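Enquirer: My questions will all concern the structure given below.
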Protein chains: 4
Amino acid sequence: MHMQLGMIGLGRMGANMAERLVRGGHTVVGFDPSPEARGLASSKGISPAASLAELIDRLPAPRVLWLMVPAGKIVDDTLAELLPLLSRDDVVVDGGNSFYKDTMRRGQMLAEQGVHYVDCGTSGGVWGLAEGYSLMIGGETTAVERLRPIFATLAPAPDRGWGRVGPGGAGHFTKMVHNGIEYGLMQAYAEGFAIMQHKTDFALDLHQVAEIWREGSVVRSWLLDLTADALGKNPKLAGIAPYVEDSGEGRWTAAEAIDLNVSAPVITLSLLERLRSRDGDSFADKLLAAMRNEFGGHKIKAE
Amino acid sequence: MHMQLGMIGLGRMGANMAERLVRGGHTVVGFDPSPEARGLASSKGISPAASLAELIDRLPAPRVLWLMVPAGKIVDDTLAELLPLLSRDDVVVDGGNSFYKDTMRRGQMLAEQGVHYVDCGTSGGVWGLAEGYSLMIGGETTAVERLRPIFATLAPAPDRGWGRVGPGGAGHFTKMVHNGIEYGLMQAYAEGFAIMQHKTDFALDLHQVAEIWREGSVVRSWLLDLTADALGKNPKLAGIAPYVEDSGEGRWTAAEAIDLNVSAPVITLSLLERLRSRDGDSFADKLLAAMRNEFGGHKIKAE
Amino acid sequence: MHMQLGMIGLGRMGANMAERLVRGGHTVVGFDPSPEARGLASSKGISPAASLAELIDRLPAPRVLWLMVPAGKIVDDTLAELLPLLSRDDVVVDGGNSFYKDTMRRGQMLAEQGVHYVDCGTSGGVWGLAEGYSLMIGGETTAVERLRPIFATLAPAPDRGWGRVGPGGAGHFTKMVHNGIEYGLMQAYAEGFAIMQHKTDFALDLHQVAEIWREGSVVRSWLLDLTADALGKNPKLAGIAPYVEDSGEGRWTAAEAIDLNVSAPVITLSLLERLRSRDGDSFADKLLAAMRNEFGGHKIKAE
Amino acid sequence: MHMQLGMIGLGRMGANMAERLVRGGHTVVGFDPSPEARGLASSKGISPAASLAELIDRLPAPRVLWLMVPAGKIVDDTLAELLPLLSRDDVVVDGGNSFYKDTMRRGQMLAEQGVHYVDCGTSGGVWGLAEGYSLMIGGETTAVERLRPIFATLAPAPDRGWGRVGPGGAGHFTKMVHNGIEYGLMQAYAEGFAIMQHKTDFALDLHQVAEIWREGSVVRSWLLDLTADALGKNPKLAGIAPYVEDSGEGRWTAAEAIDLNVSAPVITLSLLERLRSRDGDSFADKLLAAMRNEFGGHKIKAE
């Protein structure tokens, strides 16, 4: 069954997901404040709307609206603008990386207007367009069921790689934990390759090692595939600064684990290592050097 | 090209590897001190030898001998027994999890007798028989090349999943780091699932979540496949003690990282968490409780 | 100069602080909902009030009120009850372990009524009565200055061990970090003693070692003094469960560090170790055991 | 009772300890290969010897020789040179930071010649001259007892701050753990002060905070005294590079904990943080940035 859907936010993720839906036979009206983004979307079969109001107008009730905007205030702002335009029984999906407690609050707010709110944690990155997205979905069963054709198209296969995991918020919660795990996996690989890179007397070819591991080893994974790819293109990682960003989800996972009294040292430290990578002038390390000088007369390295 | 090979050690790993070689058309003579192991091997097309001497006798020079015995003293003992029986230009492969510095020492010892020593880090576990093994190989190029038909059969594909990564010891070094990464990956998943398991109000079905992630997500991997499998069979992990063994390789990786001045916190902590899982009566925690009582009068929980 | 002060909360900390003030010549009216607490306080020269209203009545304006109640809702409830009874220019001190952002919010609320709010992070535990408290104070300079005689009496010495560290909230922030450091220090000692306890062939007398270190060593500290004391009384820590509570401040420090983009691995892990000590049935460890069984056929220990 | 002692190694630690012994009335003959070191020692009442042979000649048998040289090969070399010169029943003390397993090996070697070997872990740094040293001693009881007057003078008080903690090696083992704890304590303070330094809106005066904590707080310690001193002299730690050396003892403690199956995450991470401080070009962090770019198209920061 083919559906009509309004995609709000046509950035990299939103545009790709809309395109995958169009390829799957669905009709997608898309809105983005950027004319360029709308133009690009249009070239891929997404019908652009010049405003949220126009987008709403062009969809038959009960509508399906998919938000693919950055987490935080912009979600609240968009919902505030949308809400007066919506009708009872419309469904709004938040496919972004919202904090699950925000999602629960928003769901309650929309429910008071008779509008359904579904949270869809979405994994797959830039590869999702071709390979499909892994979708962790929270919300009322009936609302989720209504969107089944959408999820079946977005996922890697109609009956695999997606599912309703629980009530409103459960999808974003699960995606949050997914990202926490992702931090830990990435850090484990990064440390292992760094150890090998420092073993200079063996002159290991890190790209070769990654390729060997891709086949048959216990550590084979999609992240390893990407690592092999990155090392193939740039074996010494030349020109790349040792500077690692983090998004909110790693932080939330670390905090949530503590709230739940779960010790998650590896996920937590993976986050802290990213913070550390961005602090080239560590006050803690300076103080350690100063202390060593105080008690032992050990030399301080000048800045 | 089919080869003849002597497999020394017919435990789970050795027997499986020998069987994969036999299936691939090679001739394998196998030795194990256990008559049962020899009998089982025999039923799979491996020709059993009753002693190391017999095994050597039945192979044409220059011979290929593959050790698949537990790391440590037993490798040294086996080499001591083998060495007088070997001829110049024979090749001995250590396919087990030996410490790479032991391997380097042994390689030097054999080289003095004109015998080649090749180290082959082997990953794949019980699945290797069917899927092939990931092989990280160290040693002289000519010796490794001579064994090419063997590696091509053991690996998942003739030209993928195996390679000579460096001189003697480099194979075991690479395998050691592989296992360190494995610890980190496993711990990251374990923590993530534990966080979800503690979020009782969402009543997440952890097996379902694992299955969703297997398709299209950033965290998809072979270890996740196995996790999904384990959770499918036993969703609450009932009857499983929270007790995790470690083998030497995690310890060596942690120590090696420090020797190389590489900070590898996630790999290291993954090891420490395993130690912690086996210490149900932590003296450190008792002392913390005692200290809290001393300074703040906080109650101590009785044992 | 001697002052009059109302102490609200006569638990262990509040009663001790009030007693130290009385010993220092100040007049203290105290309130606690528990008649037993009021009775005990009375025996120590604290004049008990049967209600907050009575306590307010018996103090001359502008009043000084010191809250020593558990952090959280009870502070808000107490302030809600107090506020209608207060006069312009009264000062309320929160001497407890409140979260500094709550303190900032409360300070703003009180300021709207012309009431000053001062936050006083208080360290010293049960020893403070005899040795004096370390006081980290936040709030307007004039309000803090007005209370100088109080702080001078509570501190170990009139001019040492206390100070205004910044605006409202800064005192509780500083105390929060103090407690985070405390977690790290405690964990470092606990680990060290645990290592020695496991080195059974040396049969070290841990109490003796602690006593040696108390004199002249780099690790000497008050916490070590307490550790020596605890080990002197109970060298094997017999009967003490390996179960460590945490209060909010360690959690807040870990979260705050992340918010400030500071990597604080030791403080953070010290908290996680406490969570771990209370999770005797770790799901993460069970899953690790299950995974090892899946890929390597490694035996699972039965529960 | 006053004794005669030969001090071998007149660097900062050796010269200070010899000076404290001279001040205490003992007679010290000192050797160091550096003429400058001998000259400086001479000015402090230490009688310089131009060679090990001369030093041995000038001491009455049974002799007491105190090694205060860097850990490692130099200890073995010195013992090799000393041994032919020594007589049955002489005592050699290693007061340096030797690895305890080396000490056990050396003790056995000397015992075969009838020479006693005593290991003395020494803490106190440059402050020991004035305040006395904390001494953790391993070796035979009779040999340790013979040196009682020496230990009583070196320690902060004749009967406190020193003790025989066990057989040969136990002193160095205990000192090793002491240093491991020291790493953890230092890191805990460093992190706490870094958190406060990043809380720029409170503009905390870190020196003031340290001074407040020195009196009455739970975190008061000698290391905090030194921290306060360092911050008093250089509040912003200007000109100090965030670069922290480590000596062998932290590494040994981390490794030893693992060997004993003790999880010591805080001590271990404190070491790793020091390694990290010296790796300004982290390959792990570069790889993380490269991976993020691969799966999510996230921008890489150029080097």
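Enquirer: Does A:MET136 qualify as being hydrophobic (A, V, I, L, M, F, W, C), within 25 Å of A:LEU110 (Cβ to Cβ), open to solvent by less than 10 Å² (accessible area, probe 1.4 Å) and within 15 Å of the chain's Cα centre (by Cα)? It would help to see each step written out before you state the result.
Expert: On the way: hydrophobic (A, V, I, L, M, F, W, C): yes; within 25 Å of A:LEU110 (Cβ to Cβ): yes; open to solvent by less than 10 Å² (accessible area, probe 1.4 Å): yes; within 15 Å of the chain's Cα centre (by Cα): yes.
Yes, satisfied.
Enquirer: How about the stretch C:135-155: which of its residues are over 14 Å from C:VAL93 (Cα atoms) and touching a helix residue (DSSP H, G or I) at 6+ places or on another chain (Cβ under 6 Å)?
Expert: C:THR153, the sole residue that qualifies.
Enquirer: Can you name the residue in the stretch B:275-298 that is of a type outside the set (A, V, I, L, M) and more than 8 Å from chain C (Cβ to nearest Cβ) and, of all such residues, is least open to solvent (accessible area, probe 1.4 Å)?
Expert: So the first thing to find is which residues in the stretch B:275-298 are of a type outside the set (A, V, I, L, M), and the list is B:276-283, B:285-286, B:292-298.
From what is left, the residues that are more than 8 Å from chain C (Cβ to nearest Cβ) are B:278-279.
On the way: B:ARG278: 61, B:ASP279: 35 Å².
Across the stretch B:275-298, the extreme among qualifying residues is B:ASP279.
Enquirer: Within the stretch B:247-263, restricting attention to residues that are polar (S, T, N, Q) and more than 17 Å from the chain's Cα centre (by Cα), which residue is surrounded by the fewest Cβ atoms within 10 Å (Cβ to Cβ)? First the steps, then the outcome.
Expert: Kept after step one, since they are polar (S, T, N, Q), are these residues of the stretch B:247-263: B:247, B:253, B:261, B:263.
Imposing the further condition that a residue be more than 17 Å from the chain's Cα centre (by Cα) reduces the set to B:261, B:263.
On the way: B:ASN261: 13, B:SER263: 25.
Result: B:ASN261.
Enquirer: Something else: Here are some residues: D:ALA230, D:ALA210. Which one is modelled with pLDDT of 95 or more and more than 14 Å from chain C (Cβ to nearest Cβ)? Give the steps one after another, and end with the answer.
Expert: Working: D:ALA210 fails: more than 14 Å from chain C (Cβ to nearest Cβ).
None of the others qualify; the one that does is D:ALA230.
Enquirer: Only one of these is open to solvent by 10 Å² or more (accessible area, probe 1.4 Å), among the small types (Gly, Ala, Ser) and either part of a helix (DSSP H, G or I) or more than 8 Å from chain D (Cβ to nearest Cβ) (or both): C:GLY180, C:GLY168, C:GLY184. Name it.
Expert: Numbers: C:GLY180 fails: open to solvent by 10 Å² or more (accessible area, probe 1.4 Å); C:GLY184 fails: open to solvent by 10 Å² or more (accessible area, probe 1.4 Å).
The conditions single out C:GLY168.
Enquirer: Still on this structure, I have one more. Among the numbered criteria (1) in contact with an Asp or Glu (Cβ under 7 Å, 6 or more places away or on another chain); (2) closer than 24 Å to C:MET7 by Cα; (3) surrounded by fewer than 24 Cβ atoms within 10 Å (Cβ to Cβ), which one does C:ARG214 miss?
Expert: All conditions pass for C:ARG214, except number (2).
Enquirer: For the stretch A:139-164, which positions are open to solvent by less than 10 Å² (accessible area, probe 1.4 Å) and either without any contact (Cβ under 8 Å) to a residue 60 or more places away in the chain or within 11 Å of chain B (Cβ to nearest Cβ) (or both)?
Expert: Of all residues in the stretch A:139-164, those open to solvent by less than 10 Å² (accessible area, probe 1.4 Å) come to A:139, A:143-144, A:147, A:150-151, A:154-155, A:161, A:163.
Across the stretch A:139-164, the qualifying residues are A:GLY139, A:ALA143, A:VAL144, A:PHE151, A:LEU154, A:ALA155, A:GLY161, A:GLY163.
Enquirer: Quick check on the stretch D:242-255. Is at least one of its residues touching a residue at least 40 places away in the same chain (Cβ under 8 Å), among the aliphatic types (A, V, I, L, M) and farther than 27 Å from C:PRO156 by Cα? Spell out the reasoning first.
Expert: Keep residues of the stretch D:242-255 that are touching a residue at least 40 places away in the same chain (Cβ under 8 Å), which gives D:246-250, D:252-254.
Remaining after also requiring among the aliphatic types (A, V, I, L, M): D:254.
Right, trim to farther than 27 Å from C:PRO156 by Cα and you get D:254.
There is at least one residue in the stretch D:242-255 that is touching a residue at least 40 places away in the same chain (Cβ under 8 Å), among the aliphatic types (A, V, I, L, M) and farther than 27 Å from C:PRO156 by Cα.
Enquirer: How many residues are facing chain D (nearest Cβ under 7 Å) and under 16 Å from the mean Cα position of the chain (by Cα) when one looks only at the stretch A:233-246?
Expert: The qualifying residues number 2.
Enquirer: Then there's this: Only one residue in B:ALA188, B:ALA155 is in contact with a Phe, Trp or Tyr (Cβ under 8 Å, 6 or more places away or on another chain), of a type outside the set (S, T, N, Q), at pLDDT 95 or above and within 30 Å of A:MET136 (Cβ to Cβ), so which one is that? Explain how you work it out, then say what you get.
Expert: Numbers: B:ALA155 fails: within 30 Å of A:MET136 (Cβ to Cβ).
Residue meeting the stated conditions: B:ALA188.
Enquirer: Do you know which of the residues in the stretch B:116-128 that are open to solvent by 10 Å² or more (accessible area, probe 1.4 Å) and either more than 19 Å from A:ILE212 (Cβ to Cβ) or part of a loop (DSSP other than H, G, I, E, B) (or both) is nearest to the other protein chains (Cβ to nearest Cβ)?
Expert: B:VAL126
Enquirer: What are the residues in the stretch C:58-76 that are closer than 17 Å to C:GLY30 by Cα, touching a Gly at 6+ places or on another chain (Cβ under 8 Å) and not basic (Lys, Arg), if any?
Expert: C:LEU59, C:VAL64, C:LEU65, C:TRP66, C:LEU67, C:MET68, C:VAL69, C:PRO70, C:VAL75
Enquirer: If you don't mind, there's one more thing I want to ask. Does A:THR122 count as of a type in the set (Ser, Thr, Tyr), farther than 17 Å from A:ILE8 by Cα and assigned by TED's automatic domain parsing to the domain that holds A:ARG12? Working first, answer last.
Expert: On the way: of a type in the set (Ser, Thr, Tyr): yes; farther than 17 Å from A:ILE8 by Cα: no; assigned by TED's automatic domain parsing to the domain that holds A:ARG12: yes.
The answer is no for A:THR122.
Enquirer: Taking D:THR200 as meeting all but one of (1) at negative phi; (2) open to solvent by 10 Å² or more (accessible area, probe 1.4 Å); (3) in contact with a helix residue (DSSP H, G or I) (Cβ under 9 Å, 6 or more places away or on another chain), write down the number of the exception.
Expert: With (1) at negative phi; (2) open to solvent by 10 Å² or more (accessible area, probe 1.4 Å); (3) in contact with a helix residue (DSSP H, G or I) (Cβ under 9 Å, 6 or more places away or on another chain) applied to D:THR200, the lone miss is (3).
Enquirer: State whether one or more residues within the stretch B:264-274 are among the basic types (Lys, Arg) and open to solvent by 10 Å² or more (accessible area, probe 1.4 Å).
Expert: Step one: of the stretch B:264-274, the residues among the basic types (Lys, Arg) are B:274.
Remaining after also requiring open to solvent by 10 Å² or more (accessible area, probe 1.4 Å): none.
Checked the stretch B:264-274: no residue is among the basic types (Lys, Arg) and open to solvent by 10 Å² or more (accessible area, probe 1.4 Å).
The values are calculated or read from the model by the stated rules, or taken from the named source; none is laboratory data. Since this is a predicted model, take the numbers as computed values, not measurements. Don't worry about glycine lacking a Cβ; one is built from the backbone with ideal geometry, like all the others, and counts go over all protein chains shown. Keep in mind that these areas ignore ligands, DNA and RNA; they rest on the heavy atoms of the full protein, side chains included. Shrake-Rupley method; radii C 1.70, N 1.55, O 1.52, S 1.80 Å.
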